[in-house]
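*Asks:* Below you'll find the structure I mean.
The values are calculated or read from the model by the stated rules, or taken from the named source; none is laboratory data. Computed from a predicted model, the values in this text were never measured in an experiment. Here the Cβ is made from the backbone with ideal geometry for all residues, glycine too, and neighbour counts use every protein chain on show.
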Amino acid sequence: MSGIVGIMNTDGSPVDRGLLKGMTEFMAFRGPDAEETMVKGPVGFGHTMLRTTFESRNECQPISLDGQVWITADVRIDGRDELIAELDAAKCTFSGHATDPELILHAYHVWGNDCVRHLLGDFAFAIWNEAEQCLFCARDHFGVKPFFYASVGGTLLISNTLNCLRLHPDVTDRFEEQALADFLLFGYSRHPDLSAFTDIRRLPPAHFLTWSPDKTPAIRRYWTFQQHEQIRYKRSEDYVQCFLELLHKAVNDRLRTDNVGILMSGGLDSTTVAAAAKEVLLTRSDTCDLRAFTFVYDNLLHDEEGSYAQTVADALAIPMHRLVLDDRDAFQGVSLPAGHMPEPTDAIVPIHIIEQTHRLSDGVRVGLTGQGGDPALNPGPPGFPLLVKGLFTSRLFLDIFAYRLARERWPKIGIRTSFTRWIGARNSMKTPAAYPPWLSDSLERRLNLRQQWSEHNSGISSGNSLRSEAHRSLSEPMWTTVFETYDPSLTCLPLEFRHPFFDLRLMEFMLSLPPVPWCVDKELLRIAMEHILPWTVLQRPKAPLAGFPAYEYLQQGNVPGLQRAGDFPELERFINMDRFLKIASRPERLRPEESGFISRPLGLAVWLENLYSEKSRP
């Protein structure tokens, strides 16, 4: 992920070149291949280059086609051939070897701000139009690429690196209480426009920002999930064929590189991506540099993921690297350079990802994941009235019986769960976690946190279609946090993760599938991969990790980071330390799903420690 930064002075004063250079240099961990700046009076762009596609080998940014319109971008454009055909139809001529930023510039010249509606892929970019004195910035549909901005004093700042913006002297370190309270309550911010700092905001996914020196920044949405009509093909084979074509397009667009690693569990999502990646790479060469990485628990949990993943790696003939997480001290904090922990994270899960990333980054700049398969193929359950209506007024009834004949069992469409939700009863098999008792009373009153907690846990709206649950899941703001967990801002490595299931073309297809049979037990993947993946993996039931690693770590009675938590008075603003320490001293009293009661406050303490180390630097 290349680094981008921009400074725009609203009063017309020239950009401080030394400041712009310093902010650009800060992002060298993102892009070690090249570093450039551009200054046009009151506007300046900076860029650090990470070359991860064939076209980027000769790429240089910031770049302009005419000396008037400039771009700095962290981008990978998908569907390049289709976009080039659209531009050709609009009488725009250029080389077919144009880089991705050049394609965006051509699209901007043709369609202006509407160019973003013609783009596919993962992107965060800023365009300065010198002739019209206006700025145009955009973030991709799902928010895979980060984008932050700050409007302070007479300056607008933009970057894909939060801590880069904090280098500007006018940006303060005032905490955004709502964002930090969201983290402590839920583990992620439920407000997609907020960051941990009051002065710094996020550009939400599928939004663009416009600005000119005489106006304040304006934010607008350019795309939203649409509940499409269900796809209906005459033959079952057509569903599978269309899926495989779109999957290979998504993977191929993410494999414009010579070698790649994949984070692979033993489930269907990541192994399907691995199989597609292997096939795509072999169409280019007789050799295939694809490496699989998985983390396992040999003793802490009864964990079969590693053995299933190894079975797939053997079947696909790709090397597998195992990262054993047993007996690792999960609460020592993340060992990162000062200034490189942008926001608080849970004290355990990100450490696992960082350790995987360090292993994967040896000789690899692109990593694939299986993220997105679970929510996209979520079959429900829908609301009970909608389900009953569907049984009698749609093809759902026939689909269910067709599934019964083909699979010799009834599909799990959630009739019981839908009914209990309809009558207002809670699912007795899953009691929601309790409200964190250690949250500061004053913070709770200021932000009305108990009401937020109650609204979050009050139930899920059934929506108006049988696929509403999948749409709701994919619209959750938690995905921004998931993507940013893989970002170099946290890992400090020049490694870009890509998520093929979050390809817009593939995602919209999966969301248009009839839930029965294709989404039941991920029937679509099982049939599509039946001659590729091992039978033992195809037939295994959907199974989450057999336990809660954070909880098991806590039960070992060794929480070294606990003593450091009291070293930062700022914690008292968010946490009642007496209550917290009482709970942390008796972790066996917690339910497994309540392990965040300890790991999230400790994550906040580690973040504050990182901030303290940063401020103490000369």
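*Asks:* Quick one: how many residues across the stretch 245-303 are part of a loop (DSSP other than H, G, I, E, B) and either in contact (Cβ under 8 Å) with a residue 40 or more places away in the chain or hydrophobic (A, V, I, L, M, F, W, C) (or both)? Even if it seems obvious, please write down each step before you answer.
*Replies:* Going through the stretch 245-303, the residues part of a loop (DSSP other than H, G, I, E, B) turn out to be 254-258, 264-267, 283-288, 297-303.
With the extra rule that they be either in contact (Cβ under 8 Å) with a residue 40 or more places away in the chain or hydrophobic (A, V, I, L, M, F, W, C) (or both), the set shrinks to 254-257, 264-267, 288, 297, 300-303.
Count: 14.
*Asks:* Being in contact (Cβ under 8 Å) with a residue 40 or more places away in the chain, within 30 Å of the chain's Cα centre (by Cα) and over 12 Å from residue 604 (Cβ atoms) is the filter here; which residues of the stretch 572-594 pass it?
*Replies:* Hits for the stretch 572-594 are 591, 592, 593, 594.
*Asks:* Follow-up. Out of 207, 168, 248, I need the residue that is under 30 Å from residue 367 (Cβ atoms), of a type outside the set (Phe, Trp, Tyr) and in the same structural domain as residue 78 (by TED's automatic domain parsing). Which one?
*Replies:* Exactly one residue qualifies, and that residue is 207.
*Asks:* (1) over 30 Å from the mean Cα position of the chain (by Cα); (2) of a type outside the set (D, E, K, R); (3) under 19 Å from residue 496 (Cβ atoms): which one isn't true of residue 18, the others all being true?
*Replies:* Looking at each condition in turn, residue 18 falls short on (3).
*Asks:* Then there's this: Looking at residue 542 and the list (1) assigned to a loop (DSSP other than H, G, I, E, B); (2) at pLDDT 75 or above; (3) of a type in the set (D, E, K, R); (4) within 25 Å of the chain's Cα centre (by Cα), which single condition is not satisfied?
*Replies:* Failed condition: (2).
*Asks:* Please verify whether the stretch 30-37 includes one or more residues that are within 22 Å of the chain's Cα centre (by Cα) and under 21 Å from residue 492 (Cα atoms).
*Replies:* Yes, some residue in the stretch 30-37 is within 22 Å of the chain's Cα centre (by Cα) and under 21 Å from residue 492 (Cα atoms).
*Asks:* Any idea which of 292, 276, 206, 309 is small (Gly, Ala, Ser) and closer than 30 Å to residue 149 by Cα?
*Replies:* Being small (Gly, Ala, Ser) and closer than 30 Å to residue 149 by Cα holds for just one of 292, 276, 206, 309, which is 206.
*Asks:* Counting only residues that are buried (at least 17 other Cβ atoms within 10 Å of the Cβ), more than 20 Å from residue 599 (Cα to Cα) and either touching a helix residue (DSSP H, G or I) at 6+ places or on another chain (Cβ under 8 Å) or at pLDDT below 85 (or both), how many does the stretch 464-492 have?
*Replies:* So the count comes out to 11.
*Asks:* Residue check: is residue 55 without any contact (Cβ under 8 Å) to a residue 60 or more places away in the chain and crowded, with 16+ Cβ neighbours inside 10 Å?
*Replies:* No, not satisfied.
*Asks:* Considering (1) in a loop (DSSP other than H, G, I, E, B); (2) assigned by TED's automatic domain parsing to the domain that holds residue 104; (3) closer than 30 Å to residue 453 by Cβ, say which one residue 227 fails and leave the rest.
*Replies:* Result: residue 227 passes all but (2).
*Asks:* Among the listed residues 302, 321, which satisfies the condition of being closer than 16 Å to residue 359 by Cβ and of a type outside the set (A, V, I, L, M, F, W, C)?
*Replies:* Going through 302, 321 in turn, the sole match is 321.
*Asks:* Still on this structure, please answer the following. Is it true that residue 537 is crowded, with 17+ Cβ neighbours inside 10 Å, modelled with pLDDT under 85 and of a type in the set (Val, Ile, Thr)?
*Replies:* Working: crowded, with 17+ Cβ neighbours inside 10 Å: yes; modelled with pLDDT under 85: no; of a type in the set (Val, Ile, Thr): yes.
In short, no.
*Asks:* Next up: Consider residue 195 carefully, then state whether it is in contact with a strand residue (DSSP E or B) (Cβ under 7 Å, 6 or more places away or on another chain) and under 30 Å from residue 577 (Cα atoms).
*Replies:* yes
*Asks:* Next question, about the same structure. Find the residue count for the stretch 1-42, including only residues that are part of a helix (DSSP H, G or I), under 24 Å from residue 485 (Cβ atoms) and charged (D, E, K, R).
*Replies:* 0
*Asks:* If the requirement is being more than 20 Å from residue 148 (Cα to Cα), out of contact with any Gly (no Cβ under 6 Å at 6 or more places or on another chain) and of a type in the set (A, V, I, L, M), which of these qualifies: 28, 34?
*Replies:* Only one candidate passes the filter, namely 34.
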